[in-house]
There are 2 protein chains.
Amino acid sequence: MAKKNIGRSFNIFPMPVVIVGTVTDGKPNFMTAAWVTKLNTEPPLLGLSLGRRQHTAKGIEQTGEFSLSYPTIDDVVLTDYLGLVHGYEEDKAAHVEIFEGALAHAPMVRRCPVTLECRLVQKVELPKDYLFIGEVVNVYASESVLTDGKVDVLKLRPFVLTMPSNTYWALGEPVGEAWSAGRALLKTAEGSDS
Amino acid sequence: MAKKNIGRSFNIFPMPVVIVGTVTDGKPNFMTAAWVTKLNTEPPLLGLSLGRRQHTAKGIEQTGEFSLSYPTIDDVVLTDYLGLVHGYEEDKAAHVEIFEGALAHAPMVRRCPVTLECRLVQKVELPKDYLFIGEVVNVYASESVLTDGKVDVLKLRPFVLTMPSNTYWALGEPVGEAWSAGRALLKTAEGSDS
């Protein structure tokens, strides 16, 4: 497959979509974000990169706490709204019914079936952003998205973001089982002599 | 929506899937990963978290370079295989036709229509993992996935991973336009008096 150098501007295909909750200047504040990843299993750590001047970044710096809420495809409009406007321009929390957990400064979105509250453990300074590394303190889930006590993605119905098309997508068909589909290529595959 | 505390073990819903390429102990090596995110736009930085003892982590530490390749749904088996086996146990690169870019230690997967080569700029020590922060030096794409010179996700056909179901999923239907769908809730919406 011949390839063309298309520069160094890149995207992640695709990106998860979360709503970050903070208390900024003493008030609950929410912002949609997509630059988020798991970092470590035990303790459970995640990384979230935000512009340094975001109202949300300010809240995390002020309180050392934040939350993540996973929106479903039913809440695309609310989610997109929370990413369109700056928290210092508009009281976005007015559109959000808040769910409070154990932390005082990690308001969560009640409509979102899975939410996490986090304590900041490290802030990495990047050229224009901050990477906030948070330890997950509690995960909350609605019974409606659980199967055998675990989050069932078919019930959760999350969506993803792609750029540069700026489109949200539902998940589609399953295309394989992880830690299983690749066994066909294992040297030590059953029935193989090699 | 009532919520239940389900502990502090968490997942990102869903995760992107990439194949990381390195030169480890002088040989090309590939590993599937899902703990990856964009971190900064200019310079273009990404973050990739890997177990400290991974053969891939060793390669990044040895050379300061690595690559990311985006597999399509046609290559689920190869992708899963590259995540099943350790590079110090099996020569996984034997299954990969390599594409070389400008860097000497960032082998890419030719079958993957979009690939990035990166230089390590920072390593963040986590309790059990390393977060590698890489600057993207070049992005390579096959003409077959470009529309007007940009990567078209409908042509790329990436897939995502969810846990704990351990399933790979294709993208489904578009459910909204980003930076647009939320305008309905803007205070300053056209035609609104509020």
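The values are calculated or read from the model by the stated rules, or taken from the named source; none is laboratory data. The structure displayed is predicted, hence computed values, not measured ones. Positions of Cβ are generated from backbone atoms using ideal geometry, with glycine treated the same way; all protein chains shown enter the neighbour counts. Keep in mind that these areas ignore ligands, DNA and RNA; they rest on the heavy atoms of the full protein, side chains included. Shrake-Rupley method; radii C 1.70, N 1.55, O 1.52, S 1.80 Å.
What the table below lists for this structure:
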item	result
Longest exposed-site-free window of chain B, the sites being trypsin sites (Lys or Arg not before Pro) in a DSSP loop that have at most 16 other C-beta atoms within 10 Å	B:54-127
Anchor B:K155: lysines whose Cα lies under 19 Å away (excluding residues fewer than 8 positions away in-chain)	A:K3, A:K4
At 7 Å out from Cα toward Cβ: B:M1 inter-copy label distances (nm, ascending)	3.6
Size of the B/A contact, given as accessible area buried on both chains, probe 1.4 Å, in Å²	9400
Helical mean residue ellipticity (222 nm; -39500 (n - 2.57) per DSSP H run of 4+; nearest 500) of the protein assembly as shown	-3000 deg cm²/dmol
Percent RCO, i.e. relative contact order, over chain A, from Cα pairs under 8 Å lying at least 6 residues apart	22
Calculated diffusion of segment B:6-93, Stokes-Einstein form, Kirkwood radius summed over Cα pairs, 4 °C and 1.567 mPa s, µm²/s	93
Alpha-carbon gyration tensor eigenvalues x 5, square-rooted, for chain B, Å	32, 21, 18
Chain B, dipole about Cα centre (Lys/Arg Cβ +1, Asp/Glu Cβ -1), debye to the nearest 20	740
DSSP-assigned coil residues among chymotrypsin sites (Phe, Trp or Tyr not before Pro) in segment B:17-122, each with at most 14 further Cβ atoms within 10 Å	B:Y88
Total formal charge among the other residues, if their Cβ is under 14 angstrom from that of A:I19, Lys/Arg +1 and Asp/Glu -1	-2
Label spacing, shortest first and in nm, from A:K27 to its equivalents in the remaining copies (7 angstrom along Cα→Cβ)	6.1
Point-charge dipole on Cβ atoms (K/R +1, D/E -1) for the protein assembly as shown, about Cα centre, debye to 20	440
Other-chain or far-sequence residues with amide H under 5 Å of A:V121's (modelled H)	A:I133, A:G134, A:E135
Where chain B is the region considered: accessible area per residue in Å², 1.4 Å probe	41
Shortest-first nm distances, A:E90 label point to equivalent points in other copies (7 Å, Cα→Cβ)	5.2
Lysines whose Cα lies under 19 Å from that of B:K128, excluding same-chain neighbours fewer than 8 positions away	A:K38, A:K123, B:K58
